[in-house]
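The values are calculated or read from the model by the stated rules, or taken from the named source; none is laboratory data. Predicted model, so just to flag it, every value in this text is computed and none were measured. Methodologically, a virtual Cβ is constructed for each residue, glycine included, from the backbone with ideal geometry; neighbour enumeration extends over all protein chains shown.
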C-alpha cells in the first residue's frame with residue numbers, strides 16, 4: 001500500500017477532468033521524483049493560481065488589478081455582440097482565430113438533462129447572464145446588445161444547453177444566432193481548427 005501522502009495526492013488528481021486512477025498515480029510519482037528546484041517551481045506556479053480571478057462581466061479567468069478582463073476592457077471590441085461559450089478553453093480557442101471581435105459570457109458548465117432544472121440554471125449562471133444582457137452598465141460594459149451567439153459544443157450536452165439557453169433568452173427579444181455549418185456533430189470547440197471556427201462564425205444562423 002502506498003504511503004498516506006501519496007494516496008491523498010492520487011485521490012486529489014483523480015478528481016481532475018479526464019484523469020483516472022492510473023494517470024493520477026503517474027502524476028504523483030512523477031512529482032515525487034522531481035529535483036528540488038523543479039518541484040519548488042511547480043509549487044510556486046500552483047500558488048500563483050490564487051492571483052487568478054473571475055471577470056466581473058464575462059466570468060473569464062484573468063490576472064490583474066481590474067474588475068474586467070482584458071477582452072471586456074478593450075475599447076476596440078464590438079460590444080453589441082455577445083457570444084456564450086461553455087468553458088474558458090472554448091473562449092481561448094475562438095480568440096486564437098482572431099476572427100471574432102465581440103464580447104463573451106462563460107457558462108462554466110454544460111446542460112445535463114438528468115439534473116434538476118433549477119440547479120442547472122444556477123450552475124450555468126443563467127440569472128447572471130440575463131442580468132448582464134439587460135443591464136451591462138452595472139458590470140462595467142456600456143452597450144446595448146443586438147445579437148447573442150450561442151456557441152455551445154455540438155455534443156449532446158452542448159445541444160441541450162443551446163436549447164435551454166434559447167428558451168431562457170427568447171423573452172429578451174434580442175436576435176439569437178448559433179454557429180453555422182463547420183463544427184462536426186459531436187465535436188467540441190476546443191479541438192476545432194481556426195478555419196472550421198471561422199466558417200462556423202461566418203455561417204451562423206438565427207434561431
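Summary table
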item: Strands (runs of 3 or more DSSP E) contained in the range 64-181 and holding at least 1 residues surrounded by 16 or more Cβ atoms within 10 Å (Cβ to Cβ), out of contact with any helix residue (DSSP H, G or I) (no Cβ under 8 Å at 6 or more places or on another chain) and touching a residue at least 60 places away in the same chain (Cβ under 8 Å); result: 81-85, 147-150
item: Selection from the range 42-60 of residues that are in contact with a helix residue (DSSP H, G or I) (Cβ under 8 Å, 6 or more places away or on another chain) and surrounded by fewer than 16 Cβ atoms within 10 Å (Cβ to Cβ); result: 42
item: Total residues in the range 32-63, condition in a helix (DSSP H, G or I) and within 16 Å of the chain's Cα centre (by Cα); result: 0
item: Among residues of the range 190-206, those that are surrounded by 15 or more Cβ atoms within 10 Å (Cβ to Cβ) and either on the phi > 0 side of the Ramachandran plot or at pLDDT 70 or above (or both), counted; result: 5
item: Residue among 134, 79, 53 that alone is touching a strand residue (DSSP E or B) at 6+ places or on another chain (Cβ under 9 Å) and modelled with pLDDT of 95 or more; result: 79
